[in-house]
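The values are calculated or read from the model by the stated rules, or taken from the named source; none is laboratory data. These numbers were taken from a predicted model, which means no experiment stands behind them. Cβ atoms come from the backbone with ideal geometry, glycine included; neighbour counts cover every protein chain shown. For the accessible areas, the whole protein counts, side chains as well, though only heavy atoms, and no ligand, DNA or RNA atoms are used. Shrake-Rupley method; radii C 1.70, N 1.55, O 1.52, S 1.80 Å.
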Amino acid sequence: MSRPSFTVSLLAVPVLFLASWGCAVSVGSETAAEPADVSDFDASVDVGSIDFPTSAGEEAQKHFIRGVAILHSFGYEQAREQFHAAQELEPDFALAYWGETLTYNHPLLPERDLESPRDALRRLGATREERAAKAGDERERGFLTAVEDLFDEGELAERRIAYMEAMERLYGQYPDDDEVAAFYALSLLQAVGPLGDDTFRLNVLAGSIALGVFERNPYHPGAAHYIIHAFDDPVHAPLALPAAYRFADIAAAVSHARHMPSHIFIQRGMWDRVSKSNDSAYEAAVALWDPGERVGDMVHALDWGQYGDVQRGDYAKAREWIAELDDLVERTGDEGRGKSTAPLVRARYIVETEEWETREITDDTPSSELLATGISAVHTGELDLAREAAARLKKAGERQSGDSSTFQRGPKPAQVMHHEVAGLIRLAEGDADGAVELFEKGLAIASTMGPPRGAASPIKPIRELYGEVLLQLDRPEDAIEQFEDQLLYTPNRPRSLLGLARALAASDDATGAADAYGKLLEAWHGADEPPELAEAREYLAASA
């Protein structure tokens with residue numbers, strides 16, 4: 001069979017994509033109702049630039065290439081439409097089924113749908129051998145073999161490792177193929193959890209491979225995307241800033257692509273950019289959503305957007321995000337991610353603004369809400385309610401399971417939250433030594449967790465809260481250490497800057513306090529609600 005090379009290329013410089021976002025979102029929702037009529041079909045519109053030659057004919061290749069470009073940005077439903085269109089044009093085009101299988105599961109999250117990718121493979125052929133025979137060449141068989149391993153029998157961890165090993169072999173055969181390289185980089189990231197790698201070795205390897213692709217093709221959506229995921233931590237985030245600046249422009253038709261730069265902007269404390277990225281991502285997700293589809297992209301953007309805005313000190317907009325999420329859950333009938341995220345954003349608002357509010361505790365109260373209620377109850381003098389919150393957090397930490405090194409899942413966050421609330425209770429009871437002991441134990445647990453990859457988790461970081469407690473105990477030097485440590489985990493976080501400024505002032509370090517207050521004002525520029533703004537301005541005026 002002939003093997004034409006069809007390259008997706010950008011037809012305009014990035015600034016034009018910014019101007020055309022309103023059009024871009026409608027492009028992403030197009031379907032291939034009449035796949036044979038594609039004379040006006042432009043696979044390159046707002047999804048990036050990739051070169052993925054295959055054995056397909058030109059018309060199926062156009063849909064395939066667009067599907068892969070969107071897949072690189074995790075636009076799963078959009079990508080699936082394109083792979084289905086390619087299958088309709090060429091029912092034996094093996095890579096169209098390969099691509100479809102990868103649209104059913106997020107590679108960096110727990111598996112959610114194992115049967116759909118298996119069904120896609122069965123539509124291509126009844127057995128592995130029959131399917132492999134339809135691959136156009138050795139390279140195509142290599143891609144197909146990898147997903148056969150990924151969706152085979154066995155435990156998820158074993159299958160993800162097998163997939164990585166298959167992609168490693170393919171990369172060894174085709175080291176100069178950017179598509180092989182990009183998918184190999186992603187397979188490394190996918191294997192971090194199964195291999196229990198907390199050394200960042202796999203992340204750095206994946207990032208270095210993706211950086212090579214990005215250097216050769218600065219409009220490759222997968223390269224930019226996987227660089228961001230590989231370096232999504234406070235230490236390595238600066239390496240991903242060029243990709244973060246570029247990614248939203250590369251693939252503006254995909255909501256996730258508009259959101260992903262905020263992963264790096266959060267790690268750098270660039271709150272205005274966090275807010276804008278998720279405003280844009282939410283806009284795209286709403287435009288692309290159809291009834292019955294998952295609401296994940298919309299909810300994710302709402303969650304992160306609210307975090308960015310509350311860090312900016314824009315509490316009014318943070319409240320708007322809460323109302324928007326409540327409305328989203330109601331109008332879509334969502335019983336999943338949206339419904340579970342709503343308590344989180346409300347609890348975050350309470351903790352970040354310190355507008356203390358308690359809620360009735362039930363068996364279904366999530367940990368984030370237990371933390372907000374527990375801290376609020378201490379401040380409002382409802383210690384019995386605070387004790388109930390602490391007790392339930394302790395139980396949550398005992399019964400939950402899983403790996404907390406990735407995205408702060410598993411039992412450890414609840415364990416840390418228990419120690420936070422319990423420590424505040426001890427302090428309110430007048431037992432300072434008991435409070436410090438509990439915070440030290442919670443800090444020891446937190447120190448074994450991976451750095452946050454997004455909003456602070458728990459919603460009140462223990463180092464920040466411990467620093468505030470130490471200030472109350474007239475231990476400003478010890479408080480400084482906690483606030484400075486927290487700022488290494490969450491750079492430019494306003495509550496930590498505020499605590500640091502107060503601790504430095506209490507230690508008679510006027511220069512350091514002025515610097516911290518100045519950074520706080522910069523983070524909260526344009527904000528008009530945080531009452532601490534006046535405190536910062538007054539200190540700076542007095543020290544001028």
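Rundown of residues vs (1) in contact (Cβ under 8 Å) with a residue 60 or more places away in the chain; (2) open to solvent by less than 10 Å² (accessible area, probe 1.4 Å); (3) charged (D, E, K, R); (4) over 24 Å from Pro261 (Cβ atoms), yes/no style:
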position: Ala157; (1), (2), (3), (4): no, no, no, yes
position: Ala166; (1), (2), (3), (4): no, yes, no, yes
position: Ala185; (1), (2), (3), (4): no, yes, no, no
position: Leu189; (1), (2), (3), (4): yes, no, no, no
position: Gly207; (1), (2), (3), (4): no, yes, no, no
position: Tyr219; (1), (2), (3), (4): yes, no, no, no
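Could you say whether any residue in the range 352-369 is β-branched (Val, Ile, Thr), touching a residue at least 40 places away in the same chain (Cβ under 8 Å) and buried (at least 22 other Cβ atoms within 10 Å of the Cβ)? No, that holds for no residue. Checking the stated criteria, Glu293 turns out to be farther than 25 Å from Glu355 by Cβ and over 13 Å from the mean Cα position of the chain (by Cα). If you go through the range 242-270, how many residues are buried (at least 24 other Cβ atoms within 10 Å of the Cβ) and over 17 Å from Arg453 (Cβ atoms)? Final tally of qualifying residues: 9. For the range 83-103, a residue qualifies if it is open to solvent by 10 Å² or more (accessible area, probe 1.4 Å) and either among the polar types (S, T, N, Q) or within 18 Å of the chain's Cα centre (by Cα) (or both), and exactly one does: Gln87. Applying a threshold of 6 Å to beta carbon distances and a minimum spacing of six or more residues, or different chains, the list of pairs starting in the range 331-351 at a residue that is surrounded by fewer than 20 Cβ atoms within 10 Å (Cβ to Cβ) and ending at one that is modelled with pLDDT under 90 reads Thr332/Val295; Arg337/Gly296; Lys339/Val329.
Across the range 129-149, a minimum of one residue is classified as farther than 19 Å from Thr54 by Cα and either surrounded by 20 or more Cβ atoms within 10 Å (Cβ to Cβ) or in contact with a Phe, Trp or Tyr (Cβ under 6 Å, 6 or more places away or on another chain) (or both).
Counting only helices (runs of 4 or more DSSP H) that sit completely within the range 1-110, those holding 3 or more residues that are at pLDDT 50 or above correspond to 58-72, 76-89, 94-101. Pairing residues of the range 465-489 that are without any contact (Cβ under 8 Å) to a residue 60 or more places away in the chain and in a helix (DSSP H, G or I) with residues that are among the charged types (D, E, K, R) and open to solvent by 50 Å² or more (accessible area, probe 1.4 Å), at Cβ distances under 7 Å and at least 6 apart in sequence or on separate chains, gives Leu470/Asp478; Leu471/Arg502. The sole residue among Arg216, Arg139 that is of a type in the set (Lys, Arg), modelled with pLDDT of 95 or more and closer than 24 Å to Ala94 by Cβ is Arg139.
When the range 477-497 is examined, which residues are found to be touching a Lys or Arg at 6+ places or on another chain (Cβ under 8 Å) and surrounded by fewer than 24 Cβ atoms within 10 Å (Cβ to Cβ)? Answer for the range 477-497, where residues must be touching a Lys or Arg at 6+ places or on another chain (Cβ under 8 Å) and surrounded by fewer than 24 Cβ atoms within 10 Å (Cβ to Cβ): Asp485, Leu487, Tyr489, Pro491, Asn492.
Selection within the range 421-443: residues that are of a type in the set (Gly, Ala, Ser), touching a residue at least 24 places away in the same chain (Cβ under 8 Å) and open to solvent by 20 Å² or more (accessible area, probe 1.4 Å). The member of this set that is farthest from Lys394 (Cα to Cα) is Ala432.
The set of residues from the range 230-239 being farther than 14 Å from Gly269 by Cα and buried (at least 24 other Cβ atoms within 10 Å of the Cβ) comprises Ala230, Phe231.
From the list Val274, Val286, Val213, which one is assigned to a helix (DSSP H, G or I) and open to solvent by 10 Å² or more (accessible area, probe 1.4 Å)? Step by step, each of Val274, Val286, Val213 is checked, and only Val286 is assigned to a helix (DSSP H, G or I) and open to solvent by 10 Å² or more (accessible area, probe 1.4 Å).
Pairing residues of the range 101-120 that are free of Cβ contacts under 8 Å to residues at least 40 places away in the same chain and over 24 Å from Ala230 (Cβ atoms) with residues that are among the aliphatic types (A, V, I, L, M) and open to solvent by 40 Å² or more (accessible area, probe 1.4 Å), at Cβ distances under 9 Å and at least 6 apart in sequence or on separate chains, gives Leu114/Leu156. When every residue of the range 128-137 is checked against the conditions, at least one turns out to be part of a loop (DSSP other than H, G, I, E, B), basic (Lys, Arg) and in contact (Cβ under 8 Å) with a residue 40 or more places away in the chain. Among the residues making up the range 314-333, a single one is in a loop (DSSP other than H, G, I, E, B) and out of contact with any Ser or Thr (no Cβ under 9 Å at 6 or more places or on another chain): Gly333.
When Gly526 is tested against (1) open to solvent by less than 10 Å² (accessible area, probe 1.4 Å); (2) on the phi > 0 side of the Ramachandran plot, exactly one condition is not met: (1).
Does any residue of the range 65-82 turn out to be open to solvent by 10 Å² or more (accessible area, probe 1.4 Å) and more than 22 Å from Gly222 (Cβ to Cβ)? No, every residue in the range 65-82 fails to be open to solvent by 10 Å² or more (accessible area, probe 1.4 Å) and more than 22 Å from Gly222 (Cβ to Cβ).
Among residues of the range 152-170 being part of a helix (DSSP H, G or I) and among the acidic types (Asp, Glu), the one that is farthest from Asp197 (Cα to Cα) is Glu168.
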